[in-house]
Structure formats: structure tokens, C-alpha cells
Amino acid sequence: MRLTRFTDYALRVLILLGLSDDRLVTIGEISTRYDISSNHLTKVVQKLAQCGYIETVRGKGGGIRLIREPAEIRLGDVVRNLEEDMTVVECFDRARNTCAIEPDCRLQSVLRDSLSAFLGELDRHTLADLTKPRRKLKFLLDLSS
């Protein structure tokens, strides 16, 4: 399983917000701290707001912040909400499947179980888990001040 860059960036945004102690953070600040295009981040932030993880505050002094406690944000849920296509192989999509051996192939069930295990492991962790070690991460992101 490979996560899209979009989901990777979303998780990074959530980590930074989880370390920011309810302070409003701008997209520009996140862009600088992670060296990611602010255009990409704008789309990520919009989706995170739609999913109910963050709030956006417009205007001078505005920014974004978490609206849920980090311990309430399960990583599996984030990935499910952001990954548009969890079709690991063609046979997961009945409409597009052209595999000749699909009726008797064992690979499909192995991959389904693997995807389930992957998401299950993510479900065991929350954003709070990703914000440790807090001081070191704050230092690395230059949030110490």
C-alpha cells in the first residue's frame, strides 16, 4: 500500500497543528516549515476542513487549527477519508476487472487481508501518537519559540 502525496501532506499538516497548542497556523508557515508548495497545501487544508479535522479562520490574523483533540483523530480514519482509491489491484474493482484468473485467484483475498491489516494498524494510532517526542518535533519544525 502506498499513500498519495496528498495524504502524506495532510498527515504532516495535522502533526504540525497538533504541536501548535491551539495556535492559528498559516498555510505559508506550514509551507515554509515542510518546504511544500502552498498551492498543494491549500487543497489539503480544504479537504481536512471538509472532513472536520480543522477549522479555517479567514482574514488578518487568520489561519488554521485543529477542532478535535489529537487523541480523537485516528490515523486510519484520516487515510480512509483522504485516499480516493484503495483499489490495491485491478480485481478490487469489479467494473474494471479484466483478470482472467479472478474467480479462483487467492491473491485477491491475501491483498484484502493485507489492506485490512494496514488500516487496522493505523486505527490503533492517533494524531497524539504522532506528536511525540513533542519537544524534539517542535525543535525540528522550529516551533520552539
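Hey, among Thr98, Thr131, Thr126, which residue is within 19 Å of the chain's Cα centre (by Cα), farther than 20 Å from Val25 by Cα and hydroxyl-bearing (Ser, Thr, Tyr)?
Thr126
Would you check which residues across segment 51-102 are farther than 23 Å from Ile15 by Cβ and in a helix (DSSP H, G or I) and list them?
Glu90, Cys91, Phe92, Glu102 - these are the residues of segment 51-102 that are farther than 23 Å from Ile15 by Cβ and in a helix (DSSP H, G or I).
Residues are listed down the side, and each one gets a yes or a no for (1) under 26 Å from Met1 (Cα atoms); (2) over 12 Å from the mean Cα position of the chain (by Cα):
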position: Ile15; (1), (2): yes, no
position: Gly18; (1), (2): yes, yes
position: Val25; (1), (2): no, yes
position: Lys47; (1), (2): yes, no
position: Tyr53; (1), (2): yes, no
position: Gly63; (1), (2): no, yes
position: Glu69; (1), (2): no, yes
position: Val78; (1), (2): yes, no
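Being farther than 16 Å from Leu75 by Cα and β-branched (Val, Ile, Thr) is the filter here; which residues of segment 3-44 pass it?
If the condition is that a residue be farther than 16 Å from Leu75 by Cα and β-branched (Val, Ile, Thr), then Val25, Thr26, Ile27, Ile30, Thr32, Ile36, Thr42 are the ones that fit.
Specify the residue that is surrounded by the fewest Cβ atoms within 10 Å (Cβ to Cβ); the eligible residues are those in segment 1-28 that are part of a helix (DSSP H, G or I) and free of Cβ contacts under 8 Å to residues at least 24 places away in the same chain.
Going through the qualifying residues, I end up with Gly28.
Can you find, within segment 101-123, the residue that is nearest to Asp35 (Cα to Cα) among those that are over 18 Å from the mean Cα position of the chain (by Cα) and touching a residue at least 12 places away in the same chain (Cβ under 8 Å)?
The qualifying residue nearest to Asp35 (Cα to Cα) is Ser114.
Every number in this text was worked out from the coordinates using simple rules, so none of it is lab data. This one's a predicted model, so the numbers in the text were calculated from it and none came from an experiment. No Cβ is skipped: glycine too gets one built from the backbone with ideal geometry, and neighbour counts run over all protein chains shown.
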